[in-house]
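**Student:** First the structure, then my questions, so here it is.
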Amino acid sequence: MMKRHLLLAVIGLATIGSWYAAWSADDAALIKALGSAKVSLQQGLTASEREGQPISAKFELEDGKLQLSVYTAKDGKYSEVIVDYTTGKVLKSEPITEGEDLAHAKSESAAMAKAKTQLKGAVDKATRAESGSKAVSVSPEVKGGHSVASIELVKGTQLHTVSQPLD
């Protein structure tokens, strides 16, 4: 019985270790790609406002290429706005109509409906508090009846997440 538990523990650690290595490699690739971004997450949030209220934003690697994606809400409809990370211009806006993306957009929109502070203000505050950091993503959620923004920051080669109240 003891050998079985030990074997399960070793398998579990190996699985976690391989997942962590893949996650770290993805993070390292994203951090490296962020070096080519001339536009901040905050500028992407501002650029997307013509499509609706920004409800989340993130730099991500899509097919190995850096992309700045902002979810927006307007008149009960949701869109994914792609902002050029070198110029700050909106490249395209696509409706979000199904699946996990729609579920996330609805949840984020509900959190922003309770917020008194816009996402850009929360990200500005977080990056000022963490001098030398750059925002990678922001998403709101409701915790204990209050809207809170979860903001992922990068400083050097390290990613970490901070919370910023939105009310």
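**Student:** Ignoring everything except DSSP H segments at least 4 long, calculate the 222 nm mean residue ellipticity for the chain; use -39,500 (n - 2.57) per segment, divide by total residues, nearest 500.
**Tutor:** Result for the chain: -13500 deg cm²/dmol, rounded to the nearest 500.
**Student:** For the chain, evaluate the Debye formula with one uniform point scatterer on each Cα (no solvent term) and list log10 I(q)/I(0) at q = 0.19 Å⁻¹, rounded to two decimals.
**Tutor:** Here the Debye-derived log intensity ratios amount to -1.21.
**Student:** Still on this structure, I have one more. In the structure displayed, which of LYS32/LYS74; LYS65/LYS143; LYS106/LYS155; LYS89/LYS134; LYS38/LYS143 lie more than 28 Å apart, Cα to Cα?
**Tutor:** Too far apart for the 28 Å limit: LYS32/LYS74; LYS65/LYS143; LYS106/LYS155; LYS38/LYS143.
**Student:** On a full-extension model of 0.36 nm per residue, what is the gain between GLU130 and ALA25, subtracting their alpha-carbon distance, rounded to one decimal in nm?
**Tutor:** Here the segment from GLU130 to ALA25 would lengthen by 35.4 nm.
**Student:** Right, something else. How far is helix 119-129 tilted off the main Cα axis of the chain, in degrees rounded to 10, range 0 to 90?
**Tutor:** So the helix axis and the longest Cα principal axis differ by about 60 degrees.
**Student:** Let me ask something else. What distance in nm separates the simple spin-label points at LYS77 and ALA113, each placed 7 Å from Cα in the Cβ direction?
**Tutor:** 1.9 nm
**Student:** Another question, if that's okay. If I fit a long axis through the Cα atoms of helix 2-34 and take the longest principal axis of the Cα atoms of the chain, what angle between them do I get, 0 to 90°, rounded to 10?
**Tutor:** Once rounded, the angle reads 30 degrees.
**Student:** Follow-up question, since we're still on this one. Counting only Cα, what are the radius of gyration and maximum Cα-Cα distance Dmax of the stretch 36-118, in Å?
**Tutor:** Rg, Dmax (Cα atoms, Å): 12.2, 36.
**Student:** Cut-off is 10 Å between beta-carbons; in what order do ILE55, ILE31 appear when sorted fewest neighbours first?
**Tutor:** Final ranking by Cβ density, sparse to dense: ILE31, ILE55.
**Student:** In a shell of Cβ-Cβ distance under 12 Å around GLN43, excluding GLN43 itself, what net charge do Lys and Arg (+1) and Asp and Glu (-1) give?
**Tutor:** Its environment carries a net charge of +1.
Computed from the coordinates by the stated procedures, all read-outs in this text should not be read as laboratory data. For clarity, every value in this text was computed on a predicted model and none was experimentally measured. Here the Cβ is made from the backbone with ideal geometry for all residues, glycine too, and neighbour counts use every protein chain on show.
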